[in-house]
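See below for the structure under consideration.
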Amino acid sequence: MRKYFLAITIFPFGVFAQQVPKLSDEMAIKLSEKPLHCITQEYPNKTAHIINNSDEVALSPKDLHPSFYGCFDWHSSVHGHWMLVKLLKSKPHLSVAKNIESILENSLTKENLQTEADYFTKYQLTATFERTYGWAWLLKLDEELTTWDNPKAKIWHQNLKPLTDKILASWKSFLPKQTYPNRTGVHPNTAFAMGFAIDWARANKDSEFEKQLTEKAKYFYLKDEKTPAYLEPDGSDFFSPSLEIADLMRRVLPQKDFVQWLNTFYDQRSRKNIEKIPVVSDLSDFQTVHLVGLSFSKAWCMKGVAKSLPESHPLKKDFLKTANIFLNNGLPLLFQGNYGGDHWLASFAVYALEE
């Protein structure tokens, strides 16, 4: 515990205290170093590829995924690419803009992304690959390109289309068959993925997919009450299961209905618990460092929920204040770990700072 607090005090940016964290140019450049470094770093690598025969044993991560082979695993590479697109789109004047553009140009080629799309039909047992966490980040990447009026973004968006279409078809096929949600604090979390998918559907005016997601979200979570968030977190969580549900439901319910739902979703015991800062005992542990990401995901969920509440609701100011506390806690720790956090945490930070 002593080591944990010491880590905060020696952070070069200083203690944030009660400041409202912003994605300044300085912070954006510092954060961009993480994906700029790891997107082309092939090893160490967790491929998640199911080897079906001896011919596939020798396939390298880059053989399987020429666009998204770096950053330790496929989904981290995808949201690393999303982060770079986000920074280039919102801060084109950054000193690292040319480096970012070069990385994206090399990754998001038509040939590379066609190979990424073909992966889902070329190999057996790929129907569950990255379902649904990686799928969600792929749609978030595409959404960022869709909503960017930029010549290169339009090319990258078109190049990405075969993979986007493949993921979209898989999700539309899977969702009617998904009987139960995954209420976990790690990758398979259903509410997180559905939230990103709804954002994509609205940005791309896919009313069929939006309706499918909205109806399923209500089926899964509308009757939830007194959620046992007093049990959170598990030891390697980077999501709050309850806050991800709340962040999804604010997307699908009218404000009045959402307030009524939220008032019965949390009791005081659970609400107090989700506002506690995660204790990260070992930043070098690839699983324990997930808890740094938990601060960022809690922050973006609380911001989203607060934005959807009326001014008179007591949680509005409380959640905004607590979100800033989580950001101020997580940002110093992000820069003090190892590759276990370096390959993914920066994109969580950017999303929490942007939203």
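Quick look at the numbers
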{"item": "Cα convex hull volume per residue for the range 46-187 (Å³)", "result": "126"}
{"item": "Inter-probe distance in nm under a simple model that places probes 7 Å from Cα toward Cβ, at HIS93 and LYS276", "result": "4.4"}
{"item": "Solvent-accessible surface (1.4 angstrom probe) belonging to SER281, in square angstrom, nearest 10", "result": "90"}
{"item": "Sequence-separation-based contact order of the range 222-314, relative, with Cα cut under 8 Å and 6+ spacing, percent", "result": "43"}
{"item": "Sulfur and carbon atoms: percent of accessible area, the range 125-263 [1.4 Å]", "result": "51"}
{"item": "Restraint check, LYS177/LYS205; LYS34/LYS154; LYS154/LYS303; LYS30/LYS298; LYS161/LYS205, Cα-Cα greater than 18 Å", "result": "LYS177/LYS205; LYS34/LYS154; LYS154/LYS303; LYS30/LYS298"}
{"item": "Highest average packing first - 341-351, 225-235, Cβ atoms within 10 Å", "result": "341-351, 225-235"}
{"item": "Stokes-Einstein diffusion coefficient of the chain, Kirkwood radius over Cα pairs, 20 °C, 1.002 mPa s, in µm²/s", "result": "103"}
{"item": "GNM flexibility winner over the chain from ARG269, ARG131, ARG183 (Cα, springs under 10 Å)", "result": "ARG269"}
{"item": "Simple label model, 7 Å out from Cα along Cβ direction - LYS172 to THR147, nm", "result": "2.2"}
{"item": "Förster radius 35 Å - calculated FRET efficiency between LYS223 and ASN52 (Cβ-Cβ, nearest 0.05)", "result": "0.30"}
{"item": "Heavy-atom accessible area per residue - the chain, 1.4 Å, Å²", "result": "44"}
{"item": "Distant-in-sequence amide H partners of THR184 (H built 1.01 Å from N, under 5 Å)", "result": "ASN189, THR190"}
{"item": "Computed [θ] at 222 nm, helices only, for the chain once each DSSP H run of length n ≥ 4 contributes -39500 (n - 2.57)", "result": "-19500 deg cm²/dmol"}
{"item": "Radius 9 Å from Cβ of LEU309, net charge of other residues (Lys, Arg +1; Asp, Glu -1)", "result": "+2"}
{"item": "Viscosity 1.002 mPa s, temperature 20 °C, Stokes-Einstein D of the range 151-194 from Kirkwood C-alpha radius, µm²/s", "result": "172"}
{"item": "Cβ-isolated cysteines (cut-off 4.7 Å), the chain", "result": "CYS301"}
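The values are calculated or read from the model by the stated rules, or taken from the named source; none is laboratory data. Keep in mind the model is a prediction, meaning the values are calculated, not measured. Neighbour counts run over all protein chains shown; Cβ positions are idealised from the backbone, glycine included. To get the accessible areas, we keep the full protein, side chains included, count just its heavy atoms, and leave off ligands, DNA and RNA. Shrake-Rupley method; radii C 1.70, N 1.55, O 1.52, S 1.80 Å.
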